[in-house]
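J.: Dropping a structure here in structure tokens format, bear with me for questions.
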Amino acid sequence: MEENKKVSLVTDTEAKETKKDQKGEDYFADFDFADLEVSMQKMLKSGVHFGHQKSRKNPKMEKYIFGTRNDINIIDLQKTVEKLEEARVFIEKIVSEGGVILFVGTKKQAKGLIRSAATRCGMPYVVERWLGGTFTNFKNIAERTRFLREGQEKLKNNEYSKYTKFEQMKISEELERLEKKMGGIKEMTKLPSAIFATSLNEDNLAIKEALCVGLPIIALTDTNVNPECIDYPIPANEDAISSLKLMLGYICQAVLQGKEKKGNVEEKK
């Protein structure tokens, strides 16, 4: 209920956009990143500056808060631009060096957008419930994703035709179940170089595991969270669809620029 009290957060348009995203609308599939510039004006228009109610402010976010309006904390967009640029430089660098970033967004309004952004970037993603041990017990996770990849390939090549129809049905159901749970990471054969998360609260299990194995963390940080454990915190509204689209666009753009640099280096060799 508290999220609905955010200024300008839940409009009829955004409610419709949420439904579209949940149905799998691929927002970033044909997105033109050439004209995307980091600007406070764009952020203002997208509601990036709207935080949570003053009563829910985490003291650790104080330095990123400009003030309060109508009992709502207002994020300092100058700080947002500053921290975003730091994160983008880091992202571009590790991707240009061949690194992989795992996109995590299990919050309802973020799922479709995370899937779309990660797919456009060619990066792994998690949008369903975080699987315990994804990082801390990666060997077992890798075995399951390999089983999924190989099973889907066998299904595609009709290699299960020798089994009974009932056995084929069971195999198909198992592969579908695994695809839903870990389809976004099935090509991730080793630990990623870093993770990007849209919500510290909803994605807290992923954050904890990343900390356990020492992975760098990039994350959107709203006014009700503690950003101190995050390597690259980006102060931003994590609830509004418009804010998520813009901030994910910036992250996605940095990944693609990193890939372009990597490609240019490889061409010169």
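The values are calculated or read from the model by the stated rules, or taken from the named source; none is laboratory data. Keep in mind that what you see is a predicted model, and the values were worked out from it rather than measured. Don't worry about glycine lacking a Cβ; one is built from the backbone with ideal geometry, like all the others, and counts go over all protein chains shown. Accessible surface areas use protein heavy atoms only, side chains included; no ligands, DNA or RNA. Shrake-Rupley method; radii C 1.70, N 1.55, O 1.52, S 1.80 Å.
J.: State which residue is most open to solvent (accessible area, probe 1.4 Å) when the search covers only region 217-269 and only residues that are within 21 Å of Lys79 (Cβ to Cβ) and of a type in the set (S, T, N, Q).
T.: Within region 217-269, the subset within 21 Å of Lys79 (Cβ to Cβ) is 217-240, 242-251, 253-254.
Then drop every residue that is not of a type in the set (S, T, N, Q), which leaves 221, 223-224, 226, 237, 242-243, 253.
Working: Thr221: 0, Thr223: 0, Asn224: 25, Asn226: 64, Asn237: 0, Ser242: 37, Ser243: 0, Gln253: 13 Å².
Step by step, filter region 217-269, then rank; the result is Asn226.
J.: Going through Gln41, Gln22 one at a time, which residue ends up being surrounded by fewer than 16 Cβ atoms within 10 Å (Cβ to Cβ) and at pLDDT 95 or above?
T.: Details: Gln22 fails: at pLDDT 95 or above.
Selected residue: Gln41, the only one of Gln41, Gln22 that is surrounded by fewer than 16 Cβ atoms within 10 Å (Cβ to Cβ) and at pLDDT 95 or above.
J.: What about Ala29, is it exposed (fewer than 14 other Cβ atoms within 10 Å of the Cβ), at negative phi and touching a residue at least 40 places away in the same chain (Cβ under 8 Å)? Give the derivation first.
T.: Values: exposed (fewer than 14 other Cβ atoms within 10 Å of the Cβ): yes; at negative phi: yes; touching a residue at least 40 places away in the same chain (Cβ under 8 Å): yes.
Judged against the criteria, Ala29 is a match.
Yes or no, residue by residue, for (1) more than 24 Å from the chain's Cα centre (by Cα); (2) surrounded by 20 or more Cβ atoms within 10 Å (Cβ to Cβ):
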| site | (1), (2) |
| --- | --- |
| Gly98 | no, no |
| Val104 | no, yes |
| Ala118 | no, yes |
| Phe135 | no, yes |
| Phe138 | no, no |
| Arg149 | no, no |
| Glu153 | yes, no |
| Ile171 | yes, no |
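J.: Considering only region 63-74, I want to know if a residue exists there that is part of a helix (DSSP H, G or I), exposed (fewer than 14 other Cβ atoms within 10 Å of the Cβ) and at pLDDT 95 or above. Show your work before the answer.
T.: Let us first name the residues in region 63-74 that are part of a helix (DSSP H, G or I), namely 63-64.
When the remaining residues are screened for being exposed (fewer than 14 other Cβ atoms within 10 Å of the Cβ), the result is 63.
Still in the running and at pLDDT 95 or above: 63.
Yes, region 63-74 has at least one match.
J.: Going by the structure shown, is Ser55 hydroxyl-bearing (Ser, Thr, Tyr) and closer than 30 Å to Gly122 by Cβ? Break it down stepwise before answering.
T.: On the way: hydroxyl-bearing (Ser, Thr, Tyr): yes; closer than 30 Å to Gly122 by Cβ: no.
Spelling it out, it is not the case that Ser55 is hydroxyl-bearing (Ser, Thr, Tyr) and closer than 30 Å to Gly122 by Cβ.
J.: Would you confirm, using the coordinates I've provided, whether Ala194 is in contact with an Asp or Glu (Cβ under 9 Å, 6 or more places away or on another chain), of a type in the set (A, V, I, L, M) and closer than 16 Å to Ala110 by Cα?
T.: Details: in contact with an Asp or Glu (Cβ under 9 Å, 6 or more places away or on another chain): yes; of a type in the set (A, V, I, L, M): yes; closer than 16 Å to Ala110 by Cα: no.
Against the criterion (in contact with an Asp or Glu (Cβ under 9 Å, 6 or more places away or on another chain), of a type in the set (A, V, I, L, M) and closer than 16 Å to Ala110 by Cα), Ala194 does not qualify.
J.: Further question: Can you tell me how many residues within region 44-55 are surrounded by 14 or more Cβ atoms within 10 Å (Cβ to Cβ) and either at pLDDT below 95 or not hydrophobic (A, V, I, L, M, F, W, C) (or both)? If you could, list the steps in order and put the result at the bottom.
T.: Initially, region 44-55 is screened for residues surrounded by 14 or more Cβ atoms within 10 Å (Cβ to Cβ), giving 46-54.
Subsequent filtering for residues that are either at pLDDT below 95 or not hydrophobic (A, V, I, L, M, F, W, C) (or both) retains 46-47, 49, 51-54.
Total meeting the criteria: 7.
J.: Also, I was wondering about something else. Please identify the pairs in which a residue from region 83-102 that is part of a strand (DSSP E or B) has its Cβ atom under 8 Å from the Cβ atom of a residue that is among the hydroxyl-bearing types (Ser, Thr, Tyr), counting only partners at least 6 apart or on another chain.
T.: Pairs found: Ile101/Ser193; Leu102/Tyr125.
J.: For region 103-122, name all the residues that are of a type in the set (A, V, I, L, M) and in a strand (DSSP E or B). Break it down stepwise before answering.
T.: Start the filter on region 103-122 by keeping residues that are of a type in the set (A, V, I, L, M), which leaves 104, 110, 113-114, 117-118.
Within region 103-122, just Val104 meets the criteria.
J.: When you go through (1) within 23 Å of the chain's Cα centre (by Cα); (2) assigned to a helix (DSSP H, G or I); (3) free of Cβ contacts under 8 Å to residues at least 60 places away in the same chain one by one for Ser55, which number turns out not to apply?
T.: Going through the list (1) within 23 Å of the chain's Cα centre (by Cα); (2) assigned to a helix (DSSP H, G or I); (3) free of Cβ contacts under 8 Å to residues at least 60 places away in the same chain, Ser55 breaks only (1).
J.: Can you tell me which residues in region 47-77 are of a type in the set (S, T, N, Q) and farther than 19 Å from Ile230 by Cβ?
T.: Going through region 47-77, the residues of a type in the set (S, T, N, Q) turn out to be 53, 55, 58, 68, 70, 73.
Of everything in region 47-77, those that are of a type in the set (S, T, N, Q) and farther than 19 Å from Ile230 by Cβ turn out to be Gln53, Ser55, Thr68, Asn70.
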